[in-house]
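Read the structure below first, then the notes.
Nothing in this text is a laboratory measurement; each read-out follows from the coordinates by a stated rule. Nothing here was measured: the structure is a model prediction, and the numbers come from that model. Glycine gets a Cβ as well: all are built from the backbone with ideal geometry, and neighbour counts include every protein chain shown.
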Amino acid sequence: MKEQLLFIFSILIFFSSYAQEDCYLGIGGKDDVIITEVFELTEEQTENLKNWGAELKFRNEIFELKANNLLKNHAQASPEDLLKMSYNYKALLDSMAANMRLLDKRMLGTFTNKQYNVYIMLCNQLSRSPIYTSRSVNE
């Protein structure tokens with residue numbers, strides 16, 4: 001069992017090791033208070049953060065269930081089946097990441113230039129690729 005999980009994770013690491021990772025805000029995670037404080041969000045932005053975090057959890061819940069079932073149903077699979085399963089598992093993870101990116105991009109679209117510049121600076125410090133978006137907020 002441990003060997004099979006190690007095999008799966010090594011394949012997933014192989015897939016994700018070629019590109020610089022996106023710089024996610026972390027909407028829907030445990031850091032909403034930190035996001036609010038660091039970026040000095042307005043009341044409207046804070047409300048959006050809360051609502052979009054709930055939306056992200058809702059969107060990704062089905063993918064999480066599918067991923068858990070995939071792992072549970074292939075516990076004793078052959079290496080060929082594990083390889084196929086790893087592609088399916090990665091597709092589910094990619095869908096969840098796409099949802100995170102979509103909602104982060106939506107949030108970033110509400111940022112002022114000052115807030116967005118803080119975001120860019122933090123991403124650069126972490127050697128992450130910022131998510132570029134046009135911001136629709138008038139300053």
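Computed values, structure above
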quantity: Reachable lysines from Lys50, criterion Cα separation under 17 angstrom, eight or more residues apart if same chain; calculated: Lys30, Lys105
quantity: Residues with amide H under 5 Å from that of Asp22, placed H, sequence gap 5 or more; calculated: Ser129
quantity: Cα gyration tensor category, rounded, prolate or oblate, for segment 16-132 with a/c compared to 1.5; calculated: prolate
quantity: Of every Cα-Cα pair in segment 59-125, the percent that sits beyond 14 Å; calculated: 69 percent
quantity: Most to least packed among 105-111, 115-121 [average Cβ atoms within 10 Å]; calculated: 105-111, 115-121
